[in-house]
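A short write-up of the structure that comes next.
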């Protein structure tokens, strides 16, 4: 066989070459599986589900291999159709992309079990469609993470949006109205992205990120470039559900099917935030985004943090409260980007990972509570800690993480963000972090109090929550702790890269 | 160089939490686990004593928490005092709470013992933390671990007390986080140094003042300094062993120790005097001392009176650390231990009175001295100690504090100390008087003590307070530890 | 909601009108868009892949991966409609009386009978001639679907040459998969994804690209046709319970008349 | 900076965009919102195609037999290729939107947003 004839060191080189060649498979595996799922599901739904799960598992291992290779040997580039950029489309995975890719793959795999559990009541082709859309969503999000071409990013943004509209609409009756509102606002966002890209294309003539980064400094002075950036950022702000533009998120999170929620809640906003990071720090870095533009972005983010926290206070339904809390937490990420120094950006990227884990743990635990009592409001979960001690503990760990209690992971991303803000002596932003954590304490402890301190009303119907829903919550809670303790290993990989790659000092 | 004993001291009780939770159904096994953990922890801490007394600082660095900042545990003299106090009193409190809980048949005992173990391990972590970030990590862990204890008996009043506790401590936690981040920004990778590490930070005095303010708010809530003390009386609704833990063993003591760390080991006496904040903090502490005592006078509930007495006693420590002269710092560090022993005795007595007679108001205690001589005897001994009468631990620390006040040139605080002695006497003597001299004289009263596990701990701690008064270096050599830390902090070397 | 819209419109309007003048003038040959990347496309597509239609070369080869994404977008839309409106109304082989005449008056019936074959033939022409004249996969697929949907509209809801919802789903997915497979072949052979010049065909590199484009165009056509039919069918379908109610009402009506 | 008449297309684009945006956000009827969304997407298509223009250049299909077309003779094919995608995305979104509207109408018998929200609130209470 080819491999054993080659001495060991070469096999490493060969393996690296193989992974370098197989990198786009991170998107192609779920894509191909999605295309085959409806056909397979018509024959036998069980086989289709194993096929989908297997594809996501393989995809997760590949993403781990790719990210380790990137962290070991530097960015990987892949030219589609044999055409080098800027002629053809290019996939490029740098250190930060190598962090996001396994994150997307992991969450796709993790909530695939609980998402597909929902299909039992549906006809086979209905189920096949649900699984195909779920795989398309993970392919779309992975496509956004690894692409190096701005228009290709739009295409995969649209794939993930369309599949999210459908996944949200698959929930209860009111979900269809929420999905329609999400469709309208989401298509505004995607069209803003294309429109902003149009401006930049008109000025630079290219769609490739690296090439545009070279050609932007010459034209950054003109108003059109700033307008392009403004439209792109506005589009992504809608996708990230930043305050004033977050209208669609609470309904979408509340009425979406619980199975898919850990995936949607964790990753959707983060991938858009990552796209913003690529635009701000890959494309616009050399051109130096206008100082006051970033400053304005910072104030929008701060407003979003405060508004999200305050709005979350007033909610009885936990899903809606978690949606508003996501509005606040994504504000942390944007604030980290707009502060701009290496610590703040590291904090923002780390917070993307941490918040993805914590928020999806909350939703997974909530899914288990809902499976048990059928209700998802604060009174509905009263006294559940006695019957479901492990899930309640998982929810508490995630909640304490979001508040920022050491040694959980939320604390460390907040540490970097505040460290960055102090270094840039942006004192109002430091105050914003503090206030929002306190507000977070209030609305999370209200739930913890209800879980542990109030007695359950015996009348409510009680089913046994299936293991496939509880397991993700426990696994994620463990991850929250592990990410906290080993946050240095996660950070160690992309701080030098950001600082090294001429990023913000 | 990597001496892992401090790490084991912290981890042993964390490790005990698992077995405690698992042996929920078998109380004896659960108590056994607590005892084993307490004994092991005490053993580890005492094993560090000779090395520290010989001037060494056994330390160990674990994984990095942030770039350039490791999870760094180091046993220095001041840390040793707090660690010894916490581990010793944990054994005594475990014994006491077995008796108290068994007697009182209170529910949720497993949650109590588990969070108690986490509290003590974070207290030891705070004692041995070598850099501000590690200190913050254990400080917030303590905050979270104490919440289940404050809301222990799940009553509406307890939940409200818990909410108040959360409001105070989490706002403080944010201020402390910002302060720690700012200090690591000013002096990257700094560890606690006797005499403070901020002197070379190059920050302007105005910035340093704000930084100090943030630190004091962050830690002051736990140290129950006057404007920030609101949560402590509200937390009195918890059962007595919890109050004992809150007051004497871990929580509030961690706050006071935190103030010592900030004032002596981050800012340092010379820097404090330079930015003119030493008299400000000292006067706030003095105000708390007097204010706390006055509030204690007004309280009729025994435990609430003891709570306000803690508020005022803790500010002795803050006062000593703020004054900055060697004697004051030594007195402050010694008072951490002295107040621990005395106050825990008072709470144990209050608990044993409650289990036996369900009296909570001071007026009800008439004639109790004859029925419960040992409990009331210990109570009187500890009360006198707190008032600062010679031959008791309180006197040693008060004497050094007064000496320090004179050395540092602010004589007015000596007057404060004397005034507080009278106030202490004013709010403790009525209790002692009603217990021994009032009540119906005539009928013969038989000896009516509670279960041995309830009256033995207060007796032990009262005797320990007496012993500490007479021989300040009794067993744990608190006095020498306090003075070594004080000399190092003020450069007398 | 209205005030938010006025603010948004006002703000976007200001940005548009303020920044439009700084865009390059329309039609200027030296504008960055026309001078940086597009000259390569214009000058090299005929020699690279023997395809005069420059847009087709850009769509299917230079930026072929975009079009794979596009085809997936279409398939996603189809599957989304199926999931949202997946009320399963199986095709009935023998249409009832009303189905036949729901739209079809004799005039429409005759016109459709004449028109549909030419629509389908023109669709195939547009597909296969996409290399040389404006056209290609998407246009071909839409025309194919138009023909089938015209028959449905005229001949009533439930008969459309056996292309019921199940086949439409299979059509949509297999079309997209054909496009995906063409790219996968070169990747499995160790070359780059969608690199048609490495296809295992006994032809010159340019002709291999030409054939690759054709294969991809066919995939797109099948996908678009399948999806269009699927979406039409979903929107057109009535849920189970309404269906039964309709049929029973019909039967009652029929008894009433006889 | 280009003169007013040189960038006439972009005024058209701006107007279409604003009409679409207003229609989507302000119109109460959901179907109208969907139509406004199409106007919004058409505006972007016009915007891109106005980059492709080259004065004196013909449509991007090389005549038969011309092996090396000159850049100046043919307009820029890239925006046309991109707008093919935008059209397809527009169709996809409209298709899904219509499907949602059909299912909403079937469930609530109305497409007017105020009425709809009122019905949902009454059911929820």
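Counting only residues that are crowded, with 16+ Cβ neighbours inside 10 Å and assigned to a loop (DSSP other than H, G, I, E, B), which one in segment A:76-85 is nearest to the other protein chains (Cβ to nearest Cβ)? So the residue we want is A:83.
Just checking, how many residues over segment A:308-338 are in a helix (DSSP H, G or I) and more than 21 Å from the chain's Cα centre (by Cα)?
Here is the first cut: in segment A:308-338, the residues in a helix (DSSP H, G or I) are A:308-313, A:318-338.
Narrowing the set further to residues that are more than 21 Å from the chain's Cα centre (by Cα) leaves A:310-311, A:313.
Of the residues in that region, 3 qualify.
Examine segment A:67-75 for a residue that is in contact with a strand residue (DSSP E or B) (Cβ under 9 Å, 6 or more places away or on another chain) and farther than 28 Å from residue A:360 by Cα, and state whether such a residue exists. Scanning segment A:67-75 turns up at least one residue that is in contact with a strand residue (DSSP E or B) (Cβ under 9 Å, 6 or more places away or on another chain) and farther than 28 Å from residue A:360 by Cα.
Considering each of A:269, A:273 in turn, give the residue that is closer than 20 Å to residue A:162 by Cβ, crowded, with 24+ Cβ neighbours inside 10 Å and either touching a helix residue (DSSP H, G or I) at 6+ places or on another chain (Cβ under 8 Å) or in contact (Cβ under 8 Å) with a residue 12 or more places away in the chain (or both). Even if it seems obvious, please write down each step before you answer.
Numbers: A:273 fails: closer than 20 Å to residue A:162 by Cβ.
Among A:269, A:273, only A:269 is closer than 20 Å to residue A:162 by Cβ, crowded, with 24+ Cβ neighbours inside 10 Å and either touching a helix residue (DSSP H, G or I) at 6+ places or on another chain (Cβ under 8 Å) or in contact (Cβ under 8 Å) with a residue 12 or more places away in the chain (or both).
Taking the conditions (1) modelled with pLDDT of 80 or more; (2) more than 10 Å from chain A (Cβ to nearest Cβ); (3) buried (at least 23 other Cβ atoms within 10 Å of the Cβ) in turn, residue B:100 satisfies each one other than (1). Spot the failing condition for residue A:271; the list is (1) within 14 Å of another protein chain (Cβ to nearest Cβ); (2) part of a helix (DSSP H, G or I), and only one is missed. Exception for residue A:271: condition (1).
When residue B:414 is tested against the conditions (1) within 21 Å of residue B:342 (Cβ to Cβ); (2) touching a helix residue (DSSP H, G or I) at 6+ places or on another chain (Cβ under 6 Å); (3) assigned to a helix (DSSP H, G or I), the lone failure is (1). Filtered by the rule that a residue be facing chain D (nearest Cβ under 8 Å) and under 16 Å from residue D:8 (Cα atoms), segment C:4-22 gives C:13, C:16, C:17, C:20, C:21, C:22. Only one of the listed residues (A:174, A:215) is surrounded by fewer than 24 Cβ atoms within 10 Å (Cβ to Cβ) and either more than 10 Å from chain C (Cβ to nearest Cβ) or under 18 Å from the mean Cα position of the chain (by Cα) (or both). That residue is A:174.
The one condition from (1) within 8 Å of chain C (Cβ to nearest Cβ); (2) at pLDDT below 90 that residue A:111 does not meet is (1). If you go through segment B:116-125 one residue at a time, do you hit one that is assigned to a helix (DSSP H, G or I) and surrounded by fewer than 24 Cβ atoms within 10 Å (Cβ to Cβ)? Within segment B:116-125 (the criterion being assigned to a helix (DSSP H, G or I) and surrounded by fewer than 24 Cβ atoms within 10 Å (Cβ to Cβ)), the answer is yes, since at least one residue qualifies.
Being assigned to a helix (DSSP H, G or I) and farther than 22 Å from residue B:457 by Cβ is the requirement here; does residue B:352 meet it? No. Yes or no: segment B:168-176 includes at least one residue that is farther than 27 Å from residue A:424 by Cα, touching a residue at least 24 places away in the same chain (Cβ under 8 Å) and within 23 Å of the chain's Cα centre (by Cα). Yes, there is a match, as at least one residue in segment B:168-176 is farther than 27 Å from residue A:424 by Cα, touching a residue at least 24 places away in the same chain (Cβ under 8 Å) and within 23 Å of the chain's Cα centre (by Cα).
A quick yes/no check of all residues on (1) modelled with pLDDT of 90 or more; (2) away from chain B (no Cβ under 13 Å); (3) assigned to a loop (DSSP other than H, G, I, E, B):
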{"site": "A:401", "(1), (2), (3)": "yes, no, no"}
{"site": "A:429", "(1), (2), (3)": "yes, no, no"}
{"site": "A:439", "(1), (2), (3)": "yes, no, no"}
{"site": "A:449", "(1), (2), (3)": "no, no, no"}
{"site": "A:463", "(1), (2), (3)": "no, yes, yes"}
{"site": "A:477", "(1), (2), (3)": "yes, yes, no"}
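Within segment A:405-425, can you find the residues that are over 18 Å from residue A:393 (Cα atoms), more than 9 Å from chain B (Cβ to nearest Cβ) and in contact with a helix residue (DSSP H, G or I) (Cβ under 6 Å, 6 or more places away or on another chain)? Result: A:413, A:417, A:420, A:424.
So which residues in segment C:144-163 are more than 14 Å from chain D (Cβ to nearest Cβ) and modelled with pLDDT of 85 or more?
So the first thing to find is which residues in segment C:144-163 are more than 14 Å from chain D (Cβ to nearest Cβ), and the list is C:144, C:147-148, C:150-163.
The answer is C:144, C:147, C:148, C:150.
Got a sec? Which helices (runs of 4 or more DSSP H) wholly within segment B:134-247 have at least 3 residues that are at pLDDT 85 or above? Give the derivation first.
On the way: elements: B:156-186, B:205-220, B:231-234, B:240-244.
Output list reads B:156-186, B:205-220.
Could you tell me whether residue A:393 is closer than 21 Å to residue A:233 by Cβ, assigned to a helix (DSSP H, G or I) and within 13 Å of chain B (Cβ to nearest Cβ)? Taking the combined requirement at face value, the residue does not satisfy it.
Give A:166, A:139, A:132 a once-over and let me know the one that is assigned to a helix (DSSP H, G or I), free of Cβ contacts under 8 Å to residues at least 60 places away in the same chain and out of contact with any strand residue (DSSP E or B) (no Cβ under 8 Å at 6 or more places or on another chain).
Working: A:139 fails: free of Cβ contacts under 8 Å to residues at least 60 places away in the same chain; A:132 fails: free of Cβ contacts under 8 Å to residues at least 60 places away in the same chain.
On inspection, the qualifying residue turns out to be A:166.
Let's see how each residue does on (1) over 15 Å from residue A:137 (Cβ atoms); (2) surrounded by fewer than 24 Cβ atoms within 10 Å (Cβ to Cβ); (3) facing chain C (nearest Cβ under 10 Å); (4) at pLDDT 95 or above:
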site	(1), (2), (3), (4)
A:19	yes, yes, no, no
A:25	yes, yes, yes, no
A:34	no, no, yes, no
A:40	yes, yes, yes, no
A:43	yes, yes, no, no
A:49	yes, yes, no, no
A:54	yes, yes, no, no
A:63	yes, no, no, no
A:66	yes, no, no, no
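When A:247, A:235, A:228 are screened for being within 11 Å of chain C (Cβ to nearest Cβ) and closer than 24 Å to residue D:88 by Cα, only A:228 passes. Is it the case that some residue within segment A:197-206 is part of a helix (DSSP H, G or I), within 8 Å of chain C (Cβ to nearest Cβ) and farther than 14 Å from residue A:283 by Cβ? Looking for residues that are part of a helix (DSSP H, G or I), within 8 Å of chain C (Cβ to nearest Cβ) and farther than 14 Å from residue A:283 by Cβ, one finds at least one in segment A:197-206, hence yes.
Conditions tested, residue by residue: (1) at the interface with chain C (Cβ under 7 Å from one of its Cβ atoms); (2) out of contact with any helix residue (DSSP H, G or I) (no Cβ under 7 Å at 6 or more places or on another chain); (3) closer than 30 Å to residue C:4 by Cα; (4) in contact (Cβ under 8 Å) with a residue 60 or more places away in the chain.
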{"residue": "D:16", "(1), (2), (3), (4)": "no, no, yes, no"}
{"residue": "D:23", "(1), (2), (3), (4)": "no, no, yes, no"}
{"residue": "D:27", "(1), (2), (3), (4)": "no, no, yes, no"}
{"residue": "D:30", "(1), (2), (3), (4)": "no, no, yes, yes"}
{"residue": "D:50", "(1), (2), (3), (4)": "yes, no, no, no"}
{"residue": "D:53", "(1), (2), (3), (4)": "yes, yes, no, no"}
{"residue": "D:72", "(1), (2), (3), (4)": "yes, yes, no, no"}
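The values are calculated or read from the model by the stated rules, or taken from the named source; none is laboratory data. These numbers come from a predicted model, not from an experiment. Positions of Cβ are generated from backbone atoms using ideal geometry, with glycine treated the same way; all protein chains shown enter the neighbour counts.
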